[in-house]
Amino acid sequence: MYNTADAATWELVNPDITPLAGWQALNEDVGGRHSWLIEYYKRCRAGEIIIGRELKTTLESLIQDIFCRSDVYRFDLTEAHKRIKFIETEIKHFESPFAGKPFILAINQKAIAEAIFGFYVYDPETSDGGRWARRFQEIFLLVARKNGKTPFVAALVLAEWFCGDAGQKVMCASNDYDQAGLIFDCINAFREESRAVSKVTHKNIKGIFFGNPKQRKKTGKFSAQNKGAIKKMSAKSGAKEGRNLKLVIVDEVHEMKDSSTVLPLQTSVSTQDEPLYFEITTEGIVRDGYLDDRLSKARKALKGESDTDASRWLIWLYTQDSEAEIWNDPSSWTKSNPLLGIAKKRSYLQAKVETARHSGTDRAFILAKDFNIKQLSSNAWLEEKYIVCDATFDLADFTGCWCICGVDLAETNDLCACTFLFMKPNDPVKYLHTMYFVTEVKAGDGQSTDSPTNPEKKDYRQWEAEGLCRIVKDNVIDDAIVAEYIWEIYEKFGIRPYVVGYDEWHAREFAKRIVKRFGQNVPVKIRMTPETLNVPTRNIEEDLRARLINYQNNAICRWNFRNTAIRYDRNGFVMPTKIVGYIGNKIDGTMSKTIAYAALRGCKSAFMAKIGG
C-alpha cells in the first residue's frame, strides 16, 4: 500500500507533472453526477487500487485537466454516463461463466469510458464551423490477457454506435481475419442478447446494420434510414484505402510487423469531427514491430517528450514497474491485470508465475502476455546450471543398437550438425552423440580465431583434434558428407537409424542418399515451425532440468545451448532461435537435437518396442 501522507510515493514517469495537492478533498461530483474517473484516481492515490507508474501519469494528467486546466478542456459526464447506462442495462454477457448476466462495468472500465466520452476541447475545424468536440480521438489500451479488453471495447463501440450520431461506420481490424472476427463477433453477440438493439438491427455476411425486416418504423435513427454499419477486415485484406469511417478498433496490434494495416485506417477517420480510433493489445513477442514503435511514442508522450501534439491521444497502459516485483510481490499483479479476481482468477495467474519460475520456454511468453513485460529474443533460453553436464558415454556402448538421427544441414559455410539419439530399456536418460561439420575456409589455419570467415572466433582445429567436429575440404558442406557419416557409424558400430529427421529445405539429395543406404521409410521431413517443434523444444528443456540428457559433455553442444533463445508464435508455440545481436551465435547443435526429438515423437512407441523398452 502507498503512504497517503507522502506525495513522493505517487511515482510519476513524467517529472514535469507535480502530484495534485489536496487530492483527498477533490469533489467526486461533476455537474451533479458522480465521476468514476475521479473516484478511481482517489482510490489509486490512497493505495486501495494498485497501479503502475505509467497509468499514474495518465490519471494525474487527466485529473489536472479537470481541475487545473478547465480553460482548455471541459469535463461533462452526460454522454459518458449515457453510454455506461446503455452497457449496463442493454448488454449481457454471452460466454461462461457470466453468460446471461448484465455487463456491469468495473470502476477502471467506467473511468476509461468517462475519459473517452467526458473530455471536450474547442475545435475550430469542425464541419459546423467550430465547437466543443470530443477531445480524445485515439485510444491506446495495453492490458494483460484475460482482462476483458475485447468485450469491454466491443461494448463501448456498440454503445457509441447506438447512442451516438446516425451514419457511423465502424471497422473491426486485426492482423488476420479470424482475430478481427473476435471483436466483431463479440459486438454481434451483444447485439443479439439485447432485445432493444436486435429489434432495430440486423446482420448479414457484409456486416451489422440498422433496420429490421420485422420493424414497422421505416424512418429515424433506428431504422434502415440510418446507414451506419459495423464491418471487419484483416491486414491481408485489399482495398484498405478510400473508406470514410467514424470508429475503428484494431485488435492485438502486437502481431503487426509494420504500420501497413493501421495507416489507411487512421487516415479513414481523418474527415470526421469526433472520430474514435482504438488500439487494444497485450504486450507482444514480435521484435521491432509496430507495437514497439507505438509504445515508444506513447511513453515519450507520457514523459512530455513527444515531438507531435499528443493531447488528443488517450494512453492507458496497465504495466508492471519491474520484473522483480512479479516474483516477489503478488499484490503488484493488478498493475497489469486490473480485473484480477473478477475476470481473471488469482489461482490461474499464480500457476502461470510458478510455471514461469521453472520454465525458460514459458517464461518469456507469460511475462509478455500476463504482465506486459516485453521479452526480446536476446534472452537466453536455458540457465547455465542446466546446460552444464559432466556425464559422458562412449559411442561403442551402443554397438549394434537402433537410434534416432536429427540433422541440421548447412547450405554454405555455416556450421552443420548431426545428432544420434539413443535410449535404453528402463532408463529415462537420452544419450546424444553429435558430430559437427565445418568448412576448411571457416575453420581457418587453427592459429587465428579472428578471421572474417570465423566471426564466432572458435578454434575448430582444436575441436577437430578432440573428435567433436570434422573439417570439410571445400567451402560448401555437401549433404552427402553428412549422409555418409551416418553410414560410416553404421559400418563401424552396427548402429542403425530407425528414422532420420531432417529439415526438408534444400535436402533432397540428403534424403535420396539416406533412402539408398537405409531404406524408403527412414528419412522423415521435419517442418521448421513452432507448431512442429513446440513439444520437442519443451521436452529438451524438461530433460535438461531433470538431468535426463547425456550429450557427452560436448563443448560445441554446450556452446550451442548457450547461444539459443526461444521464438514464439501467437499461440505460445515455441522453437529455438539464435540470440539476437551477434552473428557468431551458432545453434545448429540445438536444432539437430530438436529435430531428433521431433522425429522420436513421431515414432516413439514403435522405436521403444524395437529396442525392447
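The values are calculated or read from the model by the stated rules, or taken from the named source; none is laboratory data. Values in this document were obtained by computation on a predicted structure and should not be read as measured data. Please note: Cβ atoms are built from the backbone with ideal geometry, for glycine as well, and neighbour counts cover all protein chains shown. Surface accessibility is based on the protein's heavy atoms, side chains included, excluding ligands, DNA and RNA. Shrake-Rupley method; radii C 1.70, N 1.55, O 1.52, S 1.80 Å.
Things to note:
- F136 without any contact (Cβ under 8 Å) to a residue 40 or more places away in the chain and closer than 29 Å to V197 by Cβ: no
- Residue within segment 207-219 that is in a loop (DSSP other than H, G, I, E, B) and within 30 Å of P264 (Cα to Cα) present: yes
- Only one of the numbered conditions (1) out of contact with any Pro (no Cβ under 8 Å at 6 or more places or on another chain); (2) part of a helix (DSSP H, G or I) is not met by Q350, and that is (1).
- Qualifying residue in segment 261-270 (condition: part of a loop (DSSP other than H, G, I, E, B), touching a Lys or Arg at 6+ places or on another chain (Cβ under 9 Å) and either without any contact (Cβ under 8 Å) to a residue 12 or more places away in the chain or open to solvent by 30 Å² or more (accessible area, probe 1.4 Å) (or both)): no
One line per residue, one yes/no per condition, for (1) under 30 Å from R570 (Cα atoms); (2) open to solvent by less than 50 Å² (accessible area, probe 1.4 Å):
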{"site": "I477", "(1), (2)": "no, yes"}
{"site": "A483", "(1), (2)": "no, yes"}
{"site": "K492", "(1), (2)": "no, no"}
{"site": "I495", "(1), (2)": "no, yes"}
{"site": "W505", "(1), (2)": "yes, no"}
{"site": "E509", "(1), (2)": "no, no"}
{"site": "V515", "(1), (2)": "no, yes"}
{"site": "I526", "(1), (2)": "yes, yes"}
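- Qualifying position, being modelled with pLDDT under 90 and open to solvent by less than 50 Å² (accessible area, probe 1.4 Å), among D390, D362, D370: D362
- Residue check for K110: more than 11 Å from A155 (Cβ to Cβ) and at pLDDT 95 or above: yes
- For segment 142-152, the set of residues classified as in contact (Cβ under 8 Å) with a residue 60 or more places away in the chain and either surrounded by 23 or more Cβ atoms within 10 Å (Cβ to Cβ) or part of a loop (DSSP other than H, G, I, E, B) (or both) consists of L142, V143, A144, R145, K146, N147, G148, K149, listed by residue number.
- Where A301 falls short, out of the listed (1) within 16 Å of the chain's Cα centre (by Cα); (2) assigned to a helix (DSSP H, G or I); (3) within 16 Å of N14 (Cα to Cα): (1)
- Checked against (1) touching a residue at least 60 places away in the same chain (Cβ under 8 Å); (2) part of a loop (DSSP other than H, G, I, E, B); (3) open to solvent by less than 20 Å² (accessible area, probe 1.4 Å), G47 passes all but a single condition, namely (1).
- Scanning segment 76-90 for residues being more than 18 Å from L276 (Cβ to Cβ) and surrounded by 14 or more Cβ atoms within 10 Å (Cβ to Cβ) gives a total of 2.
- H34 modelled with pLDDT of 90 or more, farther than 30 Å from L295 by Cα and within 33 Å of the chain's Cα centre (by Cα): no
- Taking residues in segment 165-179 that are under 10 Å from N226 (Cα atoms), and partners anywhere that are part of a helix (DSSP H, G or I), the pairs with Cβ atoms closer than 8 Å and at least 6 places apart or on different chains are Q168/E160; Q168/W161.
- Scanning segment 480-509 for residues that are modelled with pLDDT of 85 or more and within 37 Å of the chain's Cα centre (by Cα) yields V499, V500, G501, Y502, D503.
- The requirement of being open to solvent by 70 Å² or more (accessible area, probe 1.4 Å), at pLDDT 90 or above and of a type in the set (D, E) is satisfied by D397.
- Residues being open to solvent by 50 Å² or more (accessible area, probe 1.4 Å), within 28 Å of S174 (Cβ to Cβ), of a type in the set (S, T, N, Q) and over 19 Å from the mean Cα position of the chain (by Cα) are entirely absent from segment 291-298.
- Within segment 307-353, being open to solvent by less than 40 Å² (accessible area, probe 1.4 Å), over 20 Å from Y40 (Cβ atoms) and more than 23 Å from the chain's Cα centre (by Cα) holds for A310, S311.
- All helices (runs of 4 or more DSSP H) inside segment 505-611 with 2 or more residues being out of contact with any Cys (no Cβ under 9 Å at 6 or more places or on another chain) and without any contact (Cβ under 8 Å) to a residue 24 or more places away in the chain: 508-518, 604-611
- The number of residues in segment 48-81 being among the aromatic types (F, W, Y) and touching a Gly at 6+ places or on another chain (Cβ under 9 Å) comes to 1.
- Scanning segment 289-314 for residues being touching a residue at least 24 places away in the same chain (Cβ under 8 Å) and either more than 25 Å from G164 (Cβ to Cβ) or polar (S, T, N, Q) (or both) gives a total of 13.
- Complete set of residues in segment 554-602 that are hydroxyl-bearing (S, T, Y) and either open to solvent by less than 20 Å² (accessible area, probe 1.4 Å) or in contact with a Ser or Thr (Cβ under 8 Å, 6 or more places away or on another chain) (or both): T564, T577, T590, S592, T594, Y597
- Within segment 65-88, the set of residues being touching a residue at least 12 places away in the same chain (Cβ under 8 Å) and under 34 Å from the mean Cα position of the chain (by Cα) comprises D65, A80, H81, R83, I84, F86, I87, E88.
- Annotation note: Cβ proximity below 6 Å between a residue of segment 106-126 that is in a helix (DSSP H, G or I) and a residue that is among the small types (G, A, S) and surrounded by 15 or more Cβ atoms within 10 Å (Cβ to Cβ) (sequence gap 6+ or interchain) occurs for A113/A80; E114/A80; F117/A80; G118/A80.
- When V500, V535, V522 are checked against the criterion of being open to solvent by 40 Å² or more (accessible area, probe 1.4 Å) and either among the aromatic types (F, W, Y) or within 28 Å of F573 (Cα to Cα) (or both), a single residue qualifies: V535.
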